[in-house]
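The values are calculated or read from the model by the stated rules, or taken from the named source; none is laboratory data. In this text, all values refer to a predicted model and were calculated from it rather than measured experimentally. Neighbour counts are summed over all protein chains in view; Cβ atoms, including those assigned to glycine, are modelled from backbone coordinates with ideal geometry. Heads up: the accessible areas ignore ligands, DNA and RNA and are worked out on the full protein's heavy atoms, side chains in. Shrake-Rupley method; radii C 1.70, N 1.55, O 1.52, S 1.80 Å.
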Amino acid sequence: MVKLLVGHKGSGKTKKMLHLANELVETCDGNVIFINKNEDLMYDLKHNIRIVCMEDYPNITNSDEYIGFIYGIISSDHDIDTMFIDGILRHADVSLGNLPEFIERIKKISNMFNIDFVVSLSAEKEEMIGVDFTDCEILN
């Protein structure tokens, strides 16, 4: 399942993601991954959440490479329950224009590997033209 937190900057998406991740890691049977642009949230997440800072991977510059990166994370850990991606529109070249394709690709990954994705986007649902929200849950 792909779960989306949508809303403009400053609407509390990251705070809600932190709360969801910290709560989930206490109850889930698998591992929790939190992908963020930088290390700013490192001390806000519980120690047993794997934090991935995209600044450490500056050569991931487009959505194909980003999807490959996600596959790489999955291939190194077969026990992933949920993957959080904070602020996807600030990663690689993911934009509102190619967001529909990106969402479809993570839906397929979610179904293939039985991993939930929680993704925050600094945009309103109405701005995400072309995104198929079937099999997606809007959390806010």
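Name the residue that is nearest to the chain's Cα centre (by Cα), counting only residues in the stretch 87-105 that are at pLDDT below 95 and charged (D, E, K, R). Checked the stretch 87-105; the qualifying residue nearest to the chain's Cα centre (by Cα) is Arg90. Of Ser120, Ser110, all but one fail to be in contact with a strand residue (DSSP E or B) (Cβ under 8 Å, 6 or more places away or on another chain), among the hydroxyl-bearing types (Ser, Thr, Tyr) and under 27 Å from Gly10 (Cβ atoms); the exception is Ser120. Across the stretch 52-63, a minimum of one residue is classified as of a type in the set (Ser, Thr, Tyr), in contact (Cβ under 8 Å) with a residue 24 or more places away in the chain and farther than 14 Å from Phe117 by Cα. Note on the stretch 75-90: residues that are hydrophobic (A, V, I, L, M, F, W, C), in contact (Cβ under 8 Å) with a residue 40 or more places away in the chain and open to solvent by 10 Å² or more (accessible area, probe 1.4 Å) total 1.
Within the stretch 47-60, being over 16 Å from the mean Cα position of the chain (by Cα) and either open to solvent by less than 80 Å² (accessible area, probe 1.4 Å) or aliphatic (A, V, I, L, M) (or both) holds for one residue alone: Asn48. Where residues in the stretch 1-24 are in contact with a Cys (Cβ under 9 Å, 6 or more places away or on another chain) and open to solvent by less than 40 Å² (accessible area, probe 1.4 Å), which of them is farthest from Met128 (Cα to Cα)? This residue is Val2. Restricting the stretch 31-44 to residues that are at pLDDT below 95 and over 25 Å from Asn59 (Cα atoms), the residue that is nearest to the chain's Cα centre (by Cα) is Asp44. Could you list, in sequence order, all residues of the stretch 106-136 that are open to solvent by 80 Å² or more (accessible area, probe 1.4 Å) and at pLDDT 95 or above? If the condition is that a residue be open to solvent by 80 Å² or more (accessible area, probe 1.4 Å) and at pLDDT 95 or above, then Lys108, Asn111, Met112, Phe113, Asn114 are the ones that fit.
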